[in-house]
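Accompanying notes for the structure given below.
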Amino acid sequence: MKQPILSVRNLVKRYGRVTALDHCDFDLYPGEVLAVIGDNGAGKSTLIKALSGAVQPDSGEIFLAGENIRFNSPLAAQAAGIETVYQTLALSPALSIADNMFLGRELRKPGILGSVFRQLDRSKMQQLAREKLTELGLMTIQNINQTVETLSGGQRQGISVARAAAFGSKVIIMDEPTAALGVKESQRVLDLIVDVKAKGIPIILISHNMPHVFEVADRIHVHRLGRRLCTLNPKEHDMSDAVAYMTGAKVPETVSI
Amino acid sequence: MTDSVSKMSNNTIDTSNADTRVASFDHSQRTLLNQIQHALHRTPSLVPLIVLLLSLVVFGLLLGTKFFSPFALTLILQQVAIVGIVGAAQSLVILTAGIDLSVGAIMVLSSVIMGQMTFSYDIPPAVSIAIGLSCGTLLGYINGVLVAFMRLPPFIVTLGMWQIILASNFLYSANETIRSQDIEKSAPLFQFFGEKLHIGGAVFTYGVILFVLIVVLLTYILNNTAWGRHVYAVGDDPEAAELAGVQTKKIIVSVYMLAGLICAFAGWALIGRIGSISPTSGQFANIESITAVVIGGISLFGGRGSIMGMLFGALIVGVFSLGLRLMGTDPQWTYLLIGVLIISAVAIDQWIRKISS
């Protein structure tokens, strides 16, 4: 068995008297799409926030490529190579596509223009943004300088995914990427997930949509009552099993993997 | 959308025969109004520029060479320079979806401190000026920390600071004016921005040149540096900016600090403009700067607009004031027309914003 790229052991997070994470374990293997499913309030968003640096756990350990790490901000997680596509997308509507893709990590011109006058290397950023979007088959967008607010929901999702794919060297986390989209746009995002996976970057997909989960996931992490209940192989189980485990209607006999 | 369709057909769900028109825009059938809306959306400073040019033409036709002379036109620049410099500071704050009601007070206190340092404590003028500039920056820093870290609304923070700074200003100076002759004699450096440059009939004070330099510099910074892009991102959607990796609190504090510094420069330029150092000067600078910003097409909701627009906005106010005065109308007509301009500018901003919905 391969070593997990990202793993979590005994993670605990309490909000007052509510225990959101109860000695939770989690494993993500290189090159896979791992879906995280769970009922509302099961603690999956707290788990994801702990992985993306937005929440600091009370106890427990997180390992990235075998190394014990601790993130105290989303920036620290990004620096370690973990990118998150938030449900809200985290895009600035009035800025251009290129500006958004490089927000917070802009490239400066070489030489004195960049070091003293802090001038941005617009053409290089535009070119890289265009390349990234083309790689993911998103070049239906003609103008890289058009503002994000002029794009459709699916296109915005595409920009956010492309940004994560461009900078996420180790892991990409996607929080409910299809929740706000129509049927066709959702399909487009699922294609994007497959494309990103093909580039060798593992993906954590949080979703409520079982058909989407079963379409793209290699493994399914079922989260219940603040901890991992089991992981399923989507080829061996069907959607009704997953929903039954998720809601507690059925208890897994053996914990696989 | 065609290549997306071909990609989809690789998957289990085949949508290649489905109607692909659902998510696409109809670019061919844009009305003229629509095109105008899009053009304004790309360059919001276009509206004030058009209004400025139109008002220049109208007053030029009505008043002839009395108005359309190098002297009169550069007089407008001299009259708007102080408000314009303060407006540049105000623009920065408003771009972050904040507002700074303390700009005028910071300007006046900075100029009073410069004067007091030299005339009460015999500090060399150059050092006094440096102290005044640092004082403006410090006051901006306090505003910024209260807004960014204490999470207080900018309106409340700067409303309070306005009163605090203005009261300190009167208490500290004992409401005494330092006379122009005294400054001329012992500290002419204070009046540096009142020096004039004559080119033909045109008269440029150094204050006007400072104003234009600040606008050009800020335009460069806002458009061509990462800091500038972050200012827009923070004003647009602070949560999104934070998640994308922008250090929003640092940006907000630095914006208020820079605004404070620019206001202190306005205080220095103010001494050049009025000659003396008076604690009662510049009382309306905050309202006038907000007026210039709003007429200049910068959105009060943050993230939209340009410093160049504010320059046009300040000039529009200057053109109306001088034009109407030369025509001999009651000055109240100026205020009335400016009121109409403010409301129209915000209405146009709302209309432009509809593009995204």
- Task: Read through the list (1) surrounded by 18 or more Cβ atoms within 10 Å (Cβ to Cβ); (2) farther than 21 Å from residue A:48 by Cα; (3) polar (S, T, N, Q), then give the number of the only condition that residue A:240 fails.
- Result: (1)
- residue A:146 fails exactly one of (1) of a type outside the set (Lys, Arg); (2) within 11 Å of chain B (Cβ to nearest Cβ); (3) buried (at least 19 other Cβ atoms within 10 Å of the Cβ), namely (3)
- Only one of B:100, B:122 is of a type in the set (Asp, Glu) and either surrounded by 20 or more Cβ atoms within 10 Å (Cβ to Cβ) or under 30 Å from residue B:301 (Cα atoms) (or both); which? B:100
- Where residue B:44 falls short, out of the listed (1) in a helix (DSSP H, G or I); (2) out of contact with any Cys (no Cβ under 9 Å at 6 or more places or on another chain); (3) not hydroxyl-bearing (Ser, Thr, Tyr): (1)
- Query: Of all residues in region A:59-102, which are crowded, with 22+ Cβ neighbours inside 10 Å and without any contact (Cβ under 8 Å) to a residue 40 or more places away in the chain?
  - Reply: A:71, A:74, A:77, A:99, A:102
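Would you mind stating whether residue A:204 is out of contact with any Asp or Glu (no Cβ under 8 Å at 6 or more places or on another chain) and in a strand (DSSP E or B)? Talk me through it step by step, then tell me what you get.
Numbers: out of contact with any Asp or Glu (no Cβ under 8 Å at 6 or more places or on another chain): yes; in a strand (DSSP E or B): yes.
In short, yes.
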- Message: Checking the structure you have, find out if any residue of region A:175-186 is under 18 Å from residue B:240 (Cβ atoms) and not in a loop (DSSP other than H, G, I, E, B).
- Response: yes
- Item | Only one of A:11, A:75 that is over 26 Å from residue B:96 (Cβ atoms) and not in a loop (DSSP other than H, G, I, E, B) | A:11
- Note on the structure: By my count, helices (runs of 4 or more DSSP H) wholly in region B:182-298 with at least 2 residues that are at pLDDT 95 or above and either closer than 22 Å to residue B:130 by Cβ or within 14 Å of chain A (Cβ to nearest Cβ) (or both) are B:206-224, B:226-236, B:248-274
- Query: What pairs can you find where one residue is in region B:217-242 and among the polar types (S, T, N, Q), the other is in a helix (DSSP H, G or I), and their Cβ atoms are less than 7 Å apart, with a gap of 6+ or different chains?
  - Reply: B:219/B:307; B:219/B:308
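Can you tell me which of B:98, B:160, B:136 is under 26 Å from residue B:227 (Cβ atoms) and assigned to a helix (DSSP H, G or I)? Let's see the steps before the verdict.
Working: B:98 fails: assigned to a helix (DSSP H, G or I); B:160 fails: under 26 Å from residue B:227 (Cβ atoms).
That would be B:136, the only listed residue that is under 26 Å from residue B:227 (Cβ atoms) and assigned to a helix (DSSP H, G or I).
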- Among (1) in contact with a Lys or Arg (Cβ under 6 Å, 6 or more places away or on another chain); (2) more than 9 Å from chain B (Cβ to nearest Cβ); (3) not in a loop (DSSP other than H, G, I, E, B), where does residue A:83 come up short? (1)
- Query: Are any residues in region A:88-128 more than 7 Å from every other protein chain (Cβ to nearest Cβ), out of contact with any Lys or Arg (no Cβ under 9 Å at 6 or more places or on another chain) and of a type in the set (Gly, Ala, Ser), and if so, which ones?
  - Reply: A:96, A:111, A:123
- Residues (modelled with pLDDT under 85, outside any helix (DSSP H, G or I) and not hydrophobic (A, V, I, L, M, F, W, C)) located in region A:138-159: A:140, A:142, A:143, A:152
- Of B:258, B:311, B:270, B:315, which residue is among the aliphatic types (A, V, I, L, M) and surrounded by fewer than 24 Cβ atoms within 10 Å (Cβ to Cβ)? B:258
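Here are some residues: A:193, A:172. Which one is at negative phi, within 13 Å of chain B (Cβ to nearest Cβ), under 12 Å from the mean Cα position of the chain (by Cα) and not in a loop (DSSP other than H, G, I, E, B)?
Working: A:172 fails: within 13 Å of chain B (Cβ to nearest Cβ).
So the residue among A:193, A:172 that is at negative phi, within 13 Å of chain B (Cβ to nearest Cβ), under 12 Å from the mean Cα position of the chain (by Cα) and not in a loop (DSSP other than H, G, I, E, B) is A:193.
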- Message: List pairs: first residue in region A:146-158 and over 10 Å from residue A:188 (Cβ atoms), second residue among the polar types (S, T, N, Q) and part of a helix (DSSP H, G or I) anywhere in the structure, Cβ distance under 6 angstrom, at least six positions apart or on different chains.
- Response: A:148/A:100; A:149/B:356
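The values are calculated or read from the model by the stated rules, or taken from the named source; none is laboratory data. What you see is a predicted model, and the numbers here were worked out from it, not measured in a lab. As a convention, Cβ positions derive from the backbone with ideal geometry for all residues, glycine included, and neighbour counts pool all protein chains shown.
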